[in-house]
Every structure is written in C-alpha cells, then in structure tokens.
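What follows is one structure encoded as structure tokens, with my remarks underneath.
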Amino acid sequence: MSSITSTTHDQDALLRAGIDRSLRHPVMFFLTSGAAWLAVSILLGVISAAKVHSPGFLSSCPLLTYGRVYPAHINALVYGWGMQAAFAVIIWLMARLSRKECTMAGTILTAGHVWNLGVTLGVAGILLGHGTGMPWMEFPSFAWPVLLVSYFAILIGSFIQFRVRKEGHVYISQWYLLAAMIWFPWIFITANTLLHCLPGHPVMAAGINAWFRSGMIFLFFTPVALGTAYYLAPKVTGRPVYSYSLAKLGFWSLAIIAPWAGMQKLVGAPIPYFMPYLGAAATSLLFVPACAAAVNTIRTMTSCPETLAASPALRFTVAGITGLIVLAIAAVLLNLPGSSLPLTQFSLSGYGFEILALYGFFSLVMFGATYFIVPRITCREWLSRRLIKIHFLFSVYGIIAVSLVALFGGLLQGGGQEDWQQPWAGAAAFAEPYAVAITFAWCLILFSNIFFFIHLALMWLRLGRRSSHPTLLVRAHGSSPHGEEGDIDNAGPGHATAH
C-alpha cells in the first residue's frame, strides 16, 4: 500500500511540475509586467494626491494636470496591474485544478503583449488629453476592442482546460474563477457597447458607468480574489475548507446581489427614485457574501497557526481577507440613505472605497498568490525574506492609511459640501490634511512595490536560490513535511465536490 501511495504521489508531483513548466513564461510575464504597471500607477497616485493639497505641483507640465494624472492612475491600477495579476492567477489555478498542462502558452504570451500595448496606448491617450471622462473607462474608445480580443485569447485556454478536465471534483475556487471569467465580458461588452456604440442620454450614461465600476469590483476582482483565497487556505495549511455550505452561501449570494449594485452613485440625479436606493441596498447586502467568505477562509487558515506564521502567502491572504471585511463594513456605512450616502458622492470617500477594494483586498491576495506560485514555476526560492517582510509591512500600513484616511476625510469633506452657507473652498479645505496623509502613504506603498517588482524580475531571470521542492521560507516547527506543496488541492474529503 505504501508503494502505491508513493507512486501516486510521484505521478502527481510530475504532473504538477509539467503544468508549472508549461505556464512558466505566461504567468511570469503577467506578474512582472503587472508589477511594473502597479509601480507606475502608484507613482501617478502620488502625483495626483499631491495635487489635491498642492495644486501648483508640476503645474508646468500639461501632461500631469490632475484631470489627466488621476484617471491614468486608476486605469493603470485596474487594467495594468489588476487584470494582469488576475490573468496570471486564473490560468495557473485553472490548469492546476483541472490537472491539464497548457498547450497555448505562445498564444497567451502574444495576447499578453497586445493587452499591454492596449493599456500603454490607453494611459498615453489619457495623459495626452484624449480620455473619455468616464471613470474606469477613460481609455480612448479604440482601446476597448483591443482589450476585449486580448482577454478572450488569454483565457480561452482556461475555458478549454475546464471543459476537458477529468470528471469529478469541481472546487469552490473553480466556481469563483469561472464566474469571474464569464462576468467580465458581460459587464465590459455591455458598458462599452452602450456608451461607445449606442450612446444615449448623458444621465443614463453616468448610470451605466457607475454600474460598470461596481461590476468590475464585485463581479470580477472579488471572485478572482476569493477563488484564490479558497485555493491557498487549504493548500498551504493542509486542512479542508472550514465549511463548504458556507462557501456555497457566499458564492450564490454574491452572484445574486452584486449585479444590482452601483447606481447609488446617482443619488439626486433625474432618474427613477428607487434606482439609487436599490443600488445602495445591494451594496450594503454584499456584507453577507463578504463575511461568509471571510469567516470560511480565515477559520481554515487559522486552523494551522504555525504555518500561518511561517508562510508569506498566507500572511498576505489573511491581510487581504481582513481588507474584505473592512470593505464590507464600509459598504454598509457609506450607503446609509439620508445620512452618509449624500456625503460620499463627490468626496474622497469614493476613492478610499475603490482603493480599499483594489489594493487593500484584491492586491494583497494577489501578492499572497504570487509568493506561492512563483517558486513553483521557476524552481527557485525567493531571494530575501527581508524584502518580503518590507513589502508586507509597507503595503499593509500604507493601504490602511490611504483607505481609512480617504474614507474618514471624505465624510468631513462631504459634510462641508452639504453646508450651503459656507463657500466651496471651505469644503475643499477639509480634505487638505487628509490628502497630505494619502500622499505620504502612497510613497510608502511605492517604495515597497519597487522592491517587489525587482524581486519578481530577478525570480523570472531564475536568480533565486535553487530549489527542486519549494517550501515555506521559514519552516515552522512541526509543520507538514510537504510545506506549502501538500497534496490537498482545495478541500478535504466530503468538502471538495460541487453538486
């Protein structure tokens, strides 16, 4: 029996190694180019935050006016870093969970270069003054068909891998990843078609744009991050998912509630009265799937405290899931009709909420996945524990400062805007000290992510410590002999199959 078990384990190890080898270049390309775009986005974020409290900063350069730098900052973060990190994680996880090697690496790489070209032209178009003025959709209109075609070329292989997988388990991670892969083209095609091909009344265009931004957060970035967390938690700890029933509750409640969110941004606009409040209610109700997923993944990860303390992948994932909890609480507090909702429409609070979702939740989970995946596809261990610790501490403390300062400062700013007896300049003055704090926090995050990019690039060049069996960077006493490379893919017996 032991010889059969050993043979099975060796076969699984060879299969995993083959999958990792087939995806080495696409995954490393997306992660490294995404990390470069993240640094660019944060640099633009520093400049835009500085202009809030110092309008004369870089005022001699027309390319760097606030109206251009701010949208370039957000779009580089969304499409340059966020989408590419999601691509890397999706194609690797779907191959691992479907147990199929990738046969389309060349196609994926080519499409990845086209995606980066589209993002580069889009960001350049914004800085040159050709942006559309629609948040998260400021790229010139020629860019979105390029991005859409690239998207399908990148992820078609993952759809095929899932379709031809061996019959059996469909893990909760696959549920979330497949949902995100399907939901993104739905919201992307719908919004861009209605706004660029079939333009209508400007008020409804603003509503469609608001729905698109909400859909990107809750129907793409959130399921990708949760699918990743549901993979890493049991995989690294060697324990099954805490509750599969809770996992299904979180998935289906997200699928039902999330499409209705977004219209709360149009409170007071000349649209049917119920629509903004329906959006506010849906955004608040997202507290349910967020807490279900957070409780489930955190209980799984804390079931093995020694591994949690030793694994950088788990530390980043726990930080990201904690960010999800804060995001869920903020979604409730910022969407209370008659109190906080009118105060957050045109203030820093909206920015804080979006950054909390994109960086405080999604990006931290993606960092955890990066620290888990890269040693396996490069057969090298990370060069420095100290660099990883610096990246973790500066990212966590920096994003706490950015998001919470923006959320709280935005409420005060919104209160000043609602006071009709004082001039508008007085309302803007409320935001000034908070903008200074945001600028400083972005500088800390920029510092950590420059080192993250360098560390990642060195790993792609295979300059890390040679290792045929990637393990925890700090081996905990009494930890599993397989370290992070245990045999449990997503859950234990009785919890893995989706019916």
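Data for the structure
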item: Whole-Hz couplings from phi, Karplus 6.51/-1.76/1.60, listed for segment 74-87; x for Gly and Pro; result: 5, 5, 5, 5, 6, 8, x, 8, x, 5, 6, 4, 5, 4
item: 0 to 90° range, to nearest 10: angle between helix 24-53 axis and the chain longest Cα axis; result: 30
item: Cα long-axis angle, helix 105-127 against the chain (0 to 90 degrees, to the nearest 10); result: 20
item: Mean separation of Cα contacts under 8 Å (6+ apart) over length of segment 29-466, as relative contact order %; result: 16
item: Between 0 and 90°, nearest 10: helix 424-460 axis offset from the chain longest Cα axis; result: 20
item: Residue-span extension gain [W186 to K248] - 0.36 nm each, minus C-alpha spacing; result: 20.1 nm
item: Over the chain: helical MRE at 222 nm, DSSP H runs n ≥ 4 each giving -39500 (n - 2.57), nearest 500; result: -23000 deg cm²/dmol
item: Centre separation in Å (Cα based) which lies between segment 284-298 and segment 24-77; result: 31
item: Sorted peptide list for 383-390, 400-407, criterion being average Cβ within 10 angstrom, highest first; result: 400-407, 383-390
item: Proximal lysines relative to K265, as straight alpha-carbon distance under 19 Å, when same-chain residues fewer than 8 apart are discounted; result: none
item: Estimated FRET transfer efficiency (F408, V114; beta-carbon r; R0 56 Å; 0.05); result: 0.85
item: Stretchable slack from T103 to R462, in nm (0.36 nm times residue separation minus alpha-carbon distance); result: 127.0 nm
item: Percent RCO, i.e. relative contact order, over segment 155-278, from Cα pairs under 8 Å lying at least 6 residues apart; result: 30
item: H201-F159 pseudo-label distance in nm [points 7 Å out on the Cα-to-Cβ vector]; result: 3.5
item: Mean Cβ neighbour count within 10 Å, used as a protection proxy, ranking 117-129, 19-31 highest first; result: 19-31, 117-129
item: Virtual spin-label span in nm between R385 and E432, 7 Å along Cα→Cβ; result: 4.7
item: Extended-chain gain in nm, criterion 0.36 nm per residue less alpha-carbon gap, Y277 and S54; result: 76.7 nm
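Every number here is computed from the coordinates shown, using simple stated rules; none is lab data. Note that the coordinates shown come from a computational prediction; the quantities given were computed from them, not determined experimentally. Here the Cβ is made from the backbone with ideal geometry for all residues, glycine too, and neighbour counts use every protein chain on show.
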